[in-house]
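What follows is a short report on a single structure.
We did not get these values from a lab; they are worked out from the coordinates using the rules stated. All values derive from a computational prediction rather than experimental measurement. Cβ coordinates were reconstructed from backbone atoms using ideal geometry, including for glycine residues, and neighbour counts include every protein chain displayed.
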Amino acid sequence: MTWVNFFGNALDPKVGGIAFFGIFLSLAVFLIGQYLFKISNGFFLFQPLFVGMVLGIFILWLLAKWFGVSLPTFYMSAYKPGGDILFWFLNPATIAFAIPLYRRNDVVKKFWLEIVLSLIVGMVISLFVIYYVSKGLGLNNKMIASMLPQAATTAIAMPISGATGGIPAVTAMACIINAVLIYALADVLIKVFRLNSDPVGAGLGLGTAGHTVGSAKAVQLGSIQGAMASIAVVVISIVVDIVVPPFAHMMGLF
Amino acid sequence: MASNQATKTEGTEHEAAPILQQMCIFASVLFVSSLISPLFPKSFPVPTPVIGLALMYVLLASHIIKLYQVEKMADFLISLIAFLFVPSGIQMANSLNVFTDDGALTGVMLIVTIILATIILLVVISYTTAGFMAISRKVFHKSTDVQ
């Protein structure tokens with residue numbers, strides 16, 4: 001275990017985590033992703049976030065094997081202390097989306113009723129579609145309940161999932177995969193489903209499906225998309241809070 | 001574009017506020033939000049950053065905080081979002097077992113469902129919005145042009 005200690009030991013409360021390795025690894029794999037994305041002329045599988053995630057897990061897996069410990073143990077002791085520091089910055093980064101939202105306050109004032117109605121009705125339709133798709137793919141009730149609240153931000157989706165008979169860890173995983181997918185595939189999906197003709201709809205969709213990462217993508221597409229994705233992040237979380245528990249109850253999931 | 005220019009001029013009236021002041025505004029909004037968050041009941045969780053986003057918007061809309069006081073910090077943080085999500089992605093190393101616990105087939109189906117759910121959410125929400133916009137336009141004769 002001494003070599004593992006070299007990477008920081010969060011498991012021993014007296015030593016505490018050493019954060020340098022986690023921060024270094026996160027930056028290194030993300031920059032490798034950016035480099036690959038650049039030299040492949042923007043191939044979607046080389047999106048920096050996706051490369052960073054896969055490469056990061058692979059490197060941790062290799063090192064865990066090298067030191068003869070399990071992957072979760074090595075993750076907890078070596079990566080998590082640094083990862084948690086970076087993770088914290090998602091808090092201020094989330095509230096930063098109030099700024100692109102306020103910049104297009106004209107659109108918010110004009111369409112607030114359409115926005116709120118679209119998110120509520122769209123969410124209910126999505127819940128039905130997701131329910132029947134998961135049922136069709138043969139998932140059990142526990143897994144289906146874990147799939148329903150994934151449009152909300154992780155901090156809301158996890159407790160709702162637990163309260164409706166789902167597995168919070170699966171829901172958290174779904175939220176992460178949502179964000180990674182939307183960041184990688186947004187351009188393709190927008191083209192295929194012709195979402196660009198309606199910037200308000202595209203923005204709300206990106207914020208709902210991709211959380212804050214989807215909003216960052218939407219900001220790149222345009223100021224209206226960015227503002228709409230920002231408002232979607234807040235409103236859809238509240239909608240999930242209100243709509244998912246009765247829906248799960250109605251479908252007999254708990 | 002008119003409003004874009006309006007915000008531009010609003011921004012150029014003042015130099016951007018010093019970065020420590022901008023950080024302090026972000027920190028205070030987060031701190032106040034973290035005090036509000038526990039007031040919500042357990043069955044209706046509203047986490048700190050969601051309250052913070054709403055609070056920051058209200059402060060901007062009521063002109064208590066001006067754009068030049070937060071703009072630079074916000075643009076910087078938003079440009080970092082994809083990177084800040086790397087630890088969440090790598091965090092999956094800790095719980096990869098949820099995909100294998102109920103057998104490999106369930107795991108694959110779970111991933112397929114998540115991929116489909118992502119696309120469903122994007123498309124259904126976007127099309128629903130387009131529908132409501134069409135209703136506003138055709139039934140209530142409201143202009144839905146935005147630039």
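A few comments on the model shown:
- Förster radius 30 Å - calculated FRET efficiency between A:Trp112 and A:Phe254, Cβ distance, rounded to 0.05: 0.35
- Against chain B, whose longest principal axis comes from its Cα atoms, helix B:19-36 is set at around 60 degrees.
- Given their separation in residues at 0.36 nm each and the Cα-Cα distance between them, B:Ile64 and B:Ala16 gain 15.7 nm when the chain is fully extended.
- Selected from A:Gly138, A:Gly207, A:Gly162 as most flexible by GNM, with chain A as the system and alpha-carbon contacts under 10 Å: A:Gly138
- If you take the Cα centroid of the stretch A:151-201 and the Cα centroid of the stretch B:76-143, the two points sit 2 Å apart.
- Degrees between helix A:20-39 axis and first principal axis of chain A (Cα, 0 to 90, nearest 10): 60
- Comparing mean-square fluctuations of A:Met123, A:Met158, A:Met53 from a GNM of chain A with C-alpha springs under 10 Å, the top value falls on A:Met53.
- Measuring between alpha carbons in the structure, the pairs from A:Lys65/A:Lys135; A:Lys191/B:Lys142; A:Lys109/A:Lys191; A:Lys65/A:Lys142; B:Lys72/B:Lys142; B:Lys42/B:Lys142 lying more than 30 angstrom apart are A:Lys65/A:Lys135; A:Lys65/A:Lys142; B:Lys72/B:Lys142; B:Lys42/B:Lys142.
- Full extension of the segment from A:Leu137 to A:Thr73, taken as 0.36 nm per residue of separation minus the current Cα-Cα distance, would add 19.8 nm.
- Relative contact order [Cα under 8 Å, 6+ residues apart], the stretch A:94-250, whole percent: 28
- Förster-model FRET efficiency, 35 Å R0, A:Ile85 and A:Asp187, C-beta, rounded to 0.05: 0.65
- Whole-angstrom gap from the stretch B:36-65 to the stretch A:50-75, using each part's C-alpha centre: 37
- For the stretch B:95-147, the alpha-carbon radius of gyration amounts to 1.94 times the rule-of-thumb value 2.2 N^0.38 Å expected for a compact globular protein.
- Mean shadow area of chain B, taken as a quarter of the surface of its Cα convex hull (nm²): 14.0
- Chymotrypsin sites (Phe, Trp or Tyr not before Pro) restricted to the stretch B:75-147 and DSSP loop, no more than 12 other C-beta within 10 Å: B:Phe140
- For chain B, the longest principal axis of the C-alpha atoms and the axis of helix B:48-61 are separated by about 20°.
- Highest-fluctuation residue, B:Val112, B:Val29, B:Val58 considered, GNM on chain B with Cα pairs under 10 Å: B:Val112
- Counting Cα-Cα pairs of the stretch A:141-254 in 5 Å increments starting at 0 gives whole-percent bin shares of 2, 15, 22, 20, 16, 13, 9, 3, 0.
- Taking the inverse of the mean reciprocal distance over all distinct Cα pairs, the Kirkwood hydrodynamic radius of chain A comes to 19.8 Å.
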